Amino acid sequence: MNLLKDVHDDLTFDADGPVLLVGGYGTVGTELARLAASHWPLLLTGRSEQRGAALAQELGGTEVRRWDLTDPTPFTAAVRAVASVVNDPDDRVLRAAVRSGVPYVDVTRWTARLQRAATVAALLRPTAPVLLSSAWMGGVTSLVTAALAERLGGADRVETAIRWDLADRAGADSVEFMDRLGLDYEVVRDGRRRSVAPLSGPRTVRIGDSPTRVAGIDTPEQFTLPLTLGTTTAATRIGFSSRASTTALLAAKHAGLFRWGRGERWEPARRALLYSPGAGGVARLRIDVGHGGHGLSAVVEDRAGQAHLTAVGALLGLRRALGTDGAAPPVGVAFPEQTPRPDQVLADLAAVGVTVAVRADTRTGADSRTGAAA
């Protein structure tokens, strides 16, 4: 029996209230709180008020409260918006925000949970923005895709290659998708939907100055881009900063670890392949977009790391949902690539320390295998 099913959390919309960050002092939440504190008053929640006390003191004027999403005790607050930066497996935060007419941004969901969230929100008939921004790095990949598509007049093909820096900080939630590497997922290739196996189609991609071995992974933008931009091929691949680690991951996949090694018994072995957080690293990825025989390639780099880049996506999502980015906020469910300001995306990213190097791709985005550095 799900004790959370009948919990009625009471969020109230208050245009002058704080922005509620659920999971606001975790790895990504801390980065988001530091970015957002100069824009709005904040309310940080999590399982332990004590864990957030030091961050609240650092930021000044920030409130910390306990909201454990596994605890059936109802939560009550008056806020101007909600950003969920922690897994919300029962859609508890989503339901509370939508029912109360509070703008909502989520950056934590893998594809199946994003699909469910979109359905749940639509059935509740939201009167406030519901921005599902769980594309890679808080929707940054989708925003940059939209910027390139605007220059090209469309996006027929979108190929994203991610270089995961093993020296970087990472929260446990950020690698929960590892438990899904035994499950096939649906993609669109050449206008046709098909199921593919995780870590299939390995290739080497030059991401900036770094040739990186990457392979397919299930990410939400592969689901949303064909629906929002009419993309006929959407592919996202991931690889490690260490080629040996990428080789080990692919070997584990070929050995069937992610199929026969599912469940709690093998969880440490699965997580150890990816979750080894360090003191800090660089977030780097490449996006190739092709349309009408032309192509653009962009290398996105955040020297503050992957958690910071995800927080940047969440910050831009909050600005979009609150209409403080210079355009009216969306109505109901939306995805980051539906930004009405694609021409401003690169400037918005640069303003928070994220560089995007764009160049013409003579291969028209059709294939992003090793070539000239973008």
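Tabulated data
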| item | result |
| --- | --- |
| Sole exception among (1) assigned to a loop (DSSP other than H, G, I, E, B); (2) at pLDDT 95 or above for residue 70, by number | (2) |
| Among the residues listed as 81, 54, 112, the single one being at pLDDT 95 or above and either more than 30 Å from residue 159 (Cα to Cα) or outside the structural domain of residue 237 (by TED's automatic domain parsing) (or both) | 81 |
| Those residues of the range 340-363 which are of a type outside the set (Gly, Ala, Ser) and within 14 Å of residue 151 (Cα to Cα), in sequence order | 340, 341, 342, 343, 344, 345, 346, 358, 359, 361 |
| Options 184, 91: the member that is out of contact with any Leu (no Cβ under 8 Å at 6 or more places or on another chain) and surrounded by fewer than 16 Cβ atoms within 10 Å (Cβ to Cβ) | 184 |
| Answer residue from the range 10-38, given it is assigned to a loop (DSSP other than H, G, I, E, B) and touching a residue at least 60 places away in the same chain (Cβ under 8 Å) and is nearest to residue 74 (Cα to Cα) among those | 23 |
| In the range 337-353, the residues that are in a helix (DSSP H, G or I) and exposed (fewer than 14 other Cβ atoms within 10 Å of the Cβ) | 343, 347, 350 |
| Filter result for residue 314 (at pLDDT below 95 and more than 24 Å from residue 183 (Cα to Cα)) | no |
| Selection within the range 10-22 - buried (at least 20 other Cβ atoms within 10 Å of the Cβ) and modelled with pLDDT under 95 | none |
| Test: residue in the range 100-120 that is surrounded by fewer than 21 Cβ atoms within 10 Å (Cβ to Cβ) and under 24 Å from residue 16 (Cα atoms) | yes |
| Tally, over the range 129-160, of residues that are assigned to a helix (DSSP H, G or I) and either without any contact (Cβ under 8 Å) to a residue 12 or more places away in the chain or within 9 Å of residue 289 (Cα to Cα) (or both) | 4 |
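The values are calculated or read from the model by the stated rules, or taken from the named source; none is laboratory data. All figures in this text were calculated on a predicted structure; none of them were measured in a lab. All Cβ positions, even for glycine, are placed from backbone atoms using ideal geometry, and neighbour counts span all protein chains on display.
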